[in-house]
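The values are calculated or read from the model by the stated rules, or taken from the named source; none is laboratory data. Predicted model, so just to flag it, every value in this text is computed and none were measured. FYI the Cβ positions are ideal-geometry reconstructions off the backbone, even for glycines, and counts take in every protein chain you see. Just so you know, the surface numbers come from the protein's heavy atoms only, side chains and all, with ligands and any DNA or RNA stripped out. Shrake-Rupley method; radii C 1.70, N 1.55, O 1.52, S 1.80 Å.
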Amino acid sequence: MTLPHYFLIFIWTVYYIFHSIFASLSVKNIFQKSFPKANRYYRLCYSILAAAGLILILIFQYSFDSPVFFHSILAKYLAVIFLVIPGSLVMIVSLKKYFLLLSGVRSVFQSVPSVELKVEGIHRLVRHPLYSGTILWVWGLFFLFPMINNLIAVVLLTLYVIIGIRFEEKKLLKQFGSAYSNYASSVPMLIPRLIFKK
């Protein structure tokens with residue numbers, strides 16, 4: 001790996017650390033106490049800054065040459081069929097449900113966005129379908145474009161999701177209590193069961 005690859009590892013890591021810090025309840029509570037009138041726009045501002053940071057990192061990621069691991073037409077076809085298409089479908093279904101809430105756009109229309117535990121539809125298969133779809137999709141892109149810079153990105157994203165999801169689970173347990181605990185005991189986190197309960 002070259003120096004830009006190591007710097008890419010660094011900036012992705014910093015991005016995910018700040019992403020987690022500003023998504024934490026403690027930081028949200030501090031913001032709420034400091035700026036009570038602007039609290040409804042916290043998630044929208046967070047989403048805009050996160051998107052801007054993501055764009056800047058991706059611009060850097062593709063600004064330098066990166067070696068290709070392999071050349072395989074078969075791998076590309078398999079990646080599209082088993083990773084990119086399923087991942088895209090799961091992401092579309094999830095974003096259709098979540099976009100207004102997760103992006104903070106809903107805060108423009110109502111002061112206190114309603115938050116409810118989702119257990120129907122795709123949530124009967126996995127607790128975090130957006131993360132499942134995202135992981136499938138980014139690994140599919142890696143097999144389509146198997147460069148070192150893409151491997152760095154998808155490995156760090158996968159690690160971030162696996163670590164970050166544990167903290168999110170704690171927040172959901174605190175928020176929904178036994179309802180979430182019962183749900184978590186019957187529905188897997190990221191990978192659907194091959195044999196479903198009746």
Open item on the list: Let me check something: with ligands and nucleic acids excluded, how do S132, S186, S26 order by accessible area (1.4 Å probe), largest to smallest?
Closed with: S26, S186, S132
TODO: Please give the length that would be gained between F64 and F82 if that part of the chain were fully extended, namely 0.36 nm times their separation in residues minus their C-alpha to C-alpha distance (nm, one decimal).
DONE: 3.6 nm
- [ ] Would you mind telling me the share, in percent, of accessible area of the chain contributed by carbon and sulfur at probe 1.4 angstrom?
- [x] 74 percent
Task: Residue-normalised accessible area of the chain, expressed per residue, 1.4 Å probe, Å² - done: 64 Å²
- [ ] Name the helices (complete DSSP H segments) of the chain with a Cα length along the long axis of 15 Å or more and a Kyte-Doolittle mean of at least 0.5, or state none.
- [x] 3-23, 42-61, 85-103, 129-144, 148-176
Task: Rounded accessible area of T13 (nearest 10 Å², 1.4 Å probe) - done: 60 Å²
Open item on the list: I need the trypsin sites (Lys or Arg not before Pro) found in segment 1-59, filtered to DSSP loop residues with at most 16 other beta carbons within 10 Å of theirs.
Closed with: K37
TODO: At a 1.4 Å probe radius, which order do S66, S20 fall into by accessible area, largest first?
DONE: S20, S66
- [ ] Compute the distance in nm between two label points, each set 7 Å from the Cα along the Cα-to-Cβ direction, one at I191 and one at F18.
- [x] 3.4 nm
Open item on the list: Explain nothing, just the number: dipole magnitude of the chain about its Cα centre with +1 on each Lys and Arg Cβ and -1 on each Asp and Glu Cβ, in debye rounded to the nearest 20.
Closed with: 840 debye
